[in-house]
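What follows draws every value from the coordinates through simple rules; no lab data is involved. What you see is a predicted model, and the numbers here were worked out from it, not measured in a lab. Every residue, glycine as well, gets a Cβ built from its backbone with ideal geometry; the counts of neighbours run over all protein chains shown.
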Amino acid sequence: MNELSTQEQINQINTKLDVLLDYVNQQRLKAETVEDLISDASIIGKDIYDSTVTELENQAVEIDPDALRILGVKLIKNINNFNMVLEMFESLTDLSKDAMPIVNEMLIDGTKKLNEFEQKGYFDFIQEAGKIIDNIVTHFTTEDIEALADNIVPILETVKKMTQPDLLKSIDNAVKIFSSLETKNIPPYSVWKLLKEMRTPEMKRSLGIMVQMIKNISHINN
C-alpha cells in the first residue's frame, strides 16, 4: 500500500515537473521571440537613424539638442490639448457622417429646383435680360449714367406716383380706348362740326380736365 502511494506521488511529481518544464520552455520561446523582435527593431531603428542623419547632413540641417528637448517638453505638456484636438476631429467626423444624408438630400432638392427653373424658362429669361443690359451699356455713356444717378430720386418719386391705383386705371382705360379706335376710317371734321361736338357733355368734361391740368402745370412751374 505504501509502495503504491509512493508511486502515485512520484507520478504526480513527474506530471508537475512536465508542466513546469513546458511552462519554462514556453517562457524561453517567448523571451527569444521578444529578443528577436527587439533585435530586428534595433536594426530598423538604427537604419532609420542612419538614413535620417545622412539626409540631414545632405540638407545641411543642424539639430539643436536643446531645441529638441524643449519640443519634447512642449509635446508632453500639450498632451491634453492633442487629445482635445483628436476628440474634436472625431466629433467632426461623426458630424460629417450624420450630416451627409442631409447634404445629399439638399443636393437632390437643389438639382430638382434647378430643373424646375429650367423648365419654366428662368435661364432663358436671364439670358435675354443680359441682352437688355448689353443694349443699355452700348447705347448709354458714362455721363448718362451719372445724370441718372443724380436724378434717380425724382425719377423714382415720379414712378411711385404713376403706380397709384387711380392713375394706373386711367392709363389702362386710355390705352384700351386708343387701341379700340379705328384710326384708318376716321371721318373728317369741319370747324362747325368740331364746335358742335365741343358742346356735348363728354367734350366739355374732357376740355375741363385738360384746362385743369394746364392750370396745375402752370402753378407748378411758377
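Annotations
- Helices (runs of 4 or more DSSP H) within segment 58-151 that include 3 or more residues touching a helix residue (DSSP H, G or I) at 6+ places or on another chain (Cβ under 9 Å): 79-120, 122-139
- Ile126 surrounded by 10 or more Cβ atoms within 10 Å (Cβ to Cβ), farther than 30 Å from Leu114 by Cβ and either β-branched (Val, Ile, Thr) or in contact (Cβ under 8 Å) with a residue 60 or more places away in the chain (or both): no
- Qualifying residue in segment 183-203 (condition: in contact with a helix residue (DSSP H, G or I) (Cβ under 8 Å, 6 or more places away or on another chain), assigned to a helix (DSSP H, G or I) and of a type in the set (Asp, Glu)): yes
- Selection over segment 62-87 of residues that are farther than 21 Å from Thr52 by Cβ and among the aliphatic types (A, V, I, L, M) gives a count of 6.
- Checking Pro101 against (1) under 24 Å from the mean Cα position of the chain (by Cα); (2) surrounded by 10 or more Cβ atoms within 10 Å (Cβ to Cβ); (3) not β-branched (Val, Ile, Thr), the condition it does not meet: (2)
- Residue satisfying all of: in segment 44-74; of a type in the set (S, T, N, Q) and surrounded by 10 or more Cβ atoms within 10 Å (Cβ to Cβ); nearest to the chain's Cα centre (by Cα) among these: Thr52
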